[in-house]
Structures are given as C-alpha cells and as structure tokens.
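First up is the structure itself, then whatever we jot down about it.
The numbers here are math on the coordinates, done by the rules we state, and not lab data. Predicted model only: the values in this text are computed from it and were never measured. Methodologically, a virtual Cβ is constructed for each residue, glycine included, from the backbone with ideal geometry; neighbour enumeration extends over all protein chains shown.
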Amino acid sequence: MIAEFLVVSGWTIAGAVMLHSVGLRDWSVWPLGLVTGLALYFSLGALQVATPLPDHPAVAYAGTLAAAAAFACWRAPRLRDALPHWRSGAVAGAGIAAVVMVTRTVHIVRWHVDTFEYFKVAALMTQGHLDDGTFIDALDKRLLGVPMMHAPALWWDEWYLRSVTPLVGIACLTIVVWVVHQGVRGSLGQRLGWVVPVLAGLALALTNRFQFHALYLNGHLLAATFLVALVGCAWLYLDSAGVPEPALIAVVMAASAGLVVTRPEGGLLAGLALVSFVVSDGVTRRHRALTLLALGLAVSTWHGYAAVAQARLFDHTPATSLAYAVVGAGVVAVGLLVAAGWSTPLVPWLPGAFEASLWLGLLALVVHDAEIFLESAPAILAMYTPIETAWGGSLFAFYAASLLVLWRMRFIHQRVLRYPWSTFVVLALVLAYARDGRYHGGSFDSLIRMFIEVVPVMVVFIAIGMVRGVPRDVGSASATVVAAPSRA
C-alpha cells in the first residue's frame, strides 16, 4: 500500500512541480500534474526502448523525478516558486492515499483479454526482454503507456497498480471541471461560474461507460484524459483565460506525447486535436514550434522504432508504422522551420482540408472494399440506440447536444473544441480498415471502448458553448464573436 502510494505520488509531484515552475498556481496543478508526470514517464520509457538504454521502467521512473527536479531548478531558482502550496499538496496527498486504500481493500476492476497482453508487455519490459518477438508483433496494438503505468506493481510481485486507473478517472473529471470553470467564469462570475463546471463534471461522472472505464484495466480512459487536457489547455491558451501560457503549452506538449504511446490511434487523435491550434493566429511562433516538435518527435521516435524492429524481425514493415514515422518526421521538419523563423503562415483552411481528406479517404476505402464498411457502419449506428448499446443512450445524448450547440451557437475558437469529436466517427471507420477487421458492436468491442476517448471533450464543448456561445444569426449584432488578440 505504501509503495503504491509513493509511486503514484511521485508521478503527480513530478508533474506538479514542473507546472508550478512555469506559473500554474491553482489546484489544477495536481490533476494536470498526474497527466504531465505520466506523459514524461512514458516518453522516457519510449526513448529507452528505442535506444540501447536499459528497458527497466525504474530507469524511466528515476528519470522522471530527476527531469522534474532539473526543470524546476532551471525555471524556478527559488524553492517557493517550484513547490505547490503545502495545503493543496496535503489535500492531494490525502486524496491519493484514500483512493489507494479503498482500491486495495475493495477489489473492483474490469478486465478484458487485452488486459493480460498489457501485463505481459510490462513483465517483458521489467525483465529486459522487450526484443522478444511476442512484443515486437504487438507494437502497433499494445504500445507502452498502459504496460508502463502498471509495471511498478511488478516491483513488489503484483500485476497492476490498483489505484492508478481510478485516479486517472478522477483527474479526467477534475480537468473537465477546471477547463469549463476557466472558460465560463468571466461570463457567469466567480460564484455562479462553478455551477456549470460542476454540472458538466457530474454529467460525465454519471455516464455508465465512464464509470466502467474508471475501473477498467486498459488505456481508453488514459487516452481520454490526455486528450481533454490537450484540447482544453489549447483552447484556454487561445481564449486568453488568464492561465499562464507556458504552463498550458507544457500540458499540451506532454499530453500529445503521452497520447502517441498510449493508444494506436493516439498519434492521429493528437494530430487532429492540434491542427486547429497550430494554425491559429493567437499562437506565438515559439509555442507553435514547441508543440509541433513535441508531437513530431514522439510520433517519429516511437513509430520509427516500431517500423525498424518489425522489419528486422519479420522482414517486412507494416504500412501503419511506416506512415506514422514518415508523417512524424514531416511534422518535426515543419516545427524546425517554424522555430527557424519561417514566415509563411500555416494556412487556416488546413483543418478543413484534413477533415475532407478523411472523408475522401474513407470513400476510396469503401470503393476498394465495401465489406468492412457495410459490417462496421451498423455497429456505429447501433451505439446511438439506447436499447442496443452498452452506452445506454448517453452517447446519443452527448452527440445530440454537441450538434445542437454547433448548429445554434458559435464562440471563440470553437473549432479547437469541436474538431476532435466531429472527426472521430469517420476516423473510427478508417481505423477499421487499418486494423483489417470489422467492428462487431459488442459491449467489449474496441469501437464501443474507443468513444470514451472523445466524450470528455464533448462535455467541455457543450458546457462552454452553452455559456459562451452566441446565436448563429448573421443579421444580429449580438452574434459577433470577439477574437483574442494575436500574439507575435
């Protein structure tokens, strides 16, 4: 119990110290700290695996603590500027201890056959045998996030950390509440500004599939938490909400890198989430370059390693890994050009072009092989039927509310919050072809599980749109949306 508390607290404190060092001073430093700490830990683990460094997760864990301390010394020479306030730290520590105690006393978990595959990867990594053909064959499916998150349990002869998945769920809820609060408090005031965020958090917490994933030993809720942190902080940056920009960019960079090694679709989700952000006038050249480099380096490093490892073992390179690696290298190149002072602006119609290319790509795939589409599309449609799906109608309600807000309201930088969930249906169908298999729509089908990854972003979109949005009435002066000032 004590060992598990120390491990999870270490990730959280490392991330919180880094974010506090760049100006994040409120209570959100703790849930965002867990996200940042885990992302840094995963990134160091991916670097270990892709290089001749030892594979043992203890190296990445020690590196996470050391990197956080070094970053704090660089950014905040005074100790009080690096350490969050002791009162908020005591509350966060008590919360972590309570979750550890409850989850180690009451054994309530959900698992799937995939869960044991993650545990196997964690064991191989801990024993230094990641070059085993079993792992190399699963590089495109299992990745490193979930195995690394549970690997410390093997240090005391257990298979998984019982508290970390519920804690990730709590972090997801609190990040949703924080982002919505930051987005609406200027419109509703300080006291009333808490009502909408709390209701948004409750709407998510009471969803049956969120409760399922908060106890499910897999990576979907972890990906959802990374995504809502990334998208929420990107939107707050553009909204000029008063949160320090370096802290927001740090979360965006960390979350995008964490997504890449958590889920097979993580790189696509991070890229789609960032494309509307990086083309916005409100992003400085330095922050645009850092964001592109963080995503590009994570994608090219991990998937480049996967492509080389699979080619070496199986004498062929899967198209998915190769495509990821090439695109990641391209993103790095663009990031370097931006950092070097490339003056040509990133075209604002790029997000629309990407979205159109997804639909055109799906159309081409359907023309080439209609069977997968004809078998998978009914599974997607069934998820919106309350009687026939494990979502129980909640997914239909979230999408209906999101589309209603999108149709009737508009607000500043709406596309940043809209893009991840509006592109997800077509992305899911394209992924059916990438994995060369249809969705069957059962309660444990990957399609059913994947949709939790965008639902928290939808909740944020609905809540902020209802408060900050103005009617889409072109003839009304009240429909004017005032943009944040551009940054040099």
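Sorted by packing (mean other beta-carbon atoms within 10 Å per residue), highest first, where do 276-289, 255-268 land?
Answer by packing, highest mean first, reads 255-268, 276-289.
Under the rule of -39500 (n - 2.57) per DSSP H run of 4 or more residues, summed and divided by the residues of the chain, what mean residue ellipticity at 222 nm is obtained, to the nearest 500 deg cm²/dmol?
Result for the chain: -23000 deg cm²/dmol, rounded to the nearest 500.
Which order do the peptides 41-50, 3-12 take when ranked by the mean count of other beta-carbon atoms within 10 Å per residue, highest first?
Top of the packing list down: 41-50, 3-12.
Going by amide H atoms built from the backbone, whose H comes under 5 Å of the H on V22, apart from near neighbours?
Placed amide hydrogens put nothing under 5 Å from V22.
Between L363 and A340, what length comes free when the chain is fully extended (0.36 nm per residue of separation minus the Cα-Cα distance, one decimal in nm)?
Extra length available between L363 and A340 comes to 4.5 nm.
Mind grabbing the base-10 log of I(q)/I(0) for the chain at q = 0.06, 0.07, 0.09 Å⁻¹? Debye formula, identical points on the C-alpha positions, no solvent, two decimal places.
So the normalised log intensities are -0.25, -0.34, -0.58.
What nm value, rounded to one decimal, do you get for the distance between A50 and F396 when each label is placed 7 Å out toward the C-beta?
Between A50 and F396, the label points sit 4.4 nm apart.
Could you pull out which residues in the stretch 1-42 have an amide N less than 14 Å from a spot 7 Å beyond the Cα of R87, following the Cα-Cβ vector?
Zone members listed by number: 26-27.
Suppose each label sits 7 Å from its Cα in the direction of the beta carbon; what would the H107-W155 distance come out to in nanometres?
2.3 nm
Which whole-angstrom value gives the distance between the alpha carbon centres of the stretch 317-363 and the stretch 1-29?
33 Å
Take the Cα of R472, step 7 Å along the line toward its Cβ, and report every residue of the stretch 394-426 whose backbone nitrogen sits under 11 Å from that point.
The answer is 403-411, whose backbone nitrogens lie closer than 11 Å to the label point.
Can you work out the FRET efficiency for the pair F314 and E375, with r the C-beta to C-beta distance and R0 = 35 Å, to the nearest 0.05?
After rounding, the FRET efficiency stands at 0.80.
For R110, enumerate residues with amide H under 5 Å from its amide H, sequence gap 5+ or separate chain, H modeled in the peptide plane.
Y216, L217
For the chain, with only Lys/Arg (+1) and Asp/Glu (-1) charged at the beta-carbon, what is the dipole magnitude about the Cα centre, in debye rounded to 20?
1640 debye
List, in order, the whole-Hz ³J(HN,Hα) value for each residue of the stretch 349-358 obtained from phi through the Karplus relation with A = 6.51, B = -1.76, C = 1.60 and θ = phi - 60°; use x for Gly and Pro.
With the stated coefficients, the stretch 349-358 comes to 7, 4, x, x, 5, 5, 5, 5, 5, 4 Hz.
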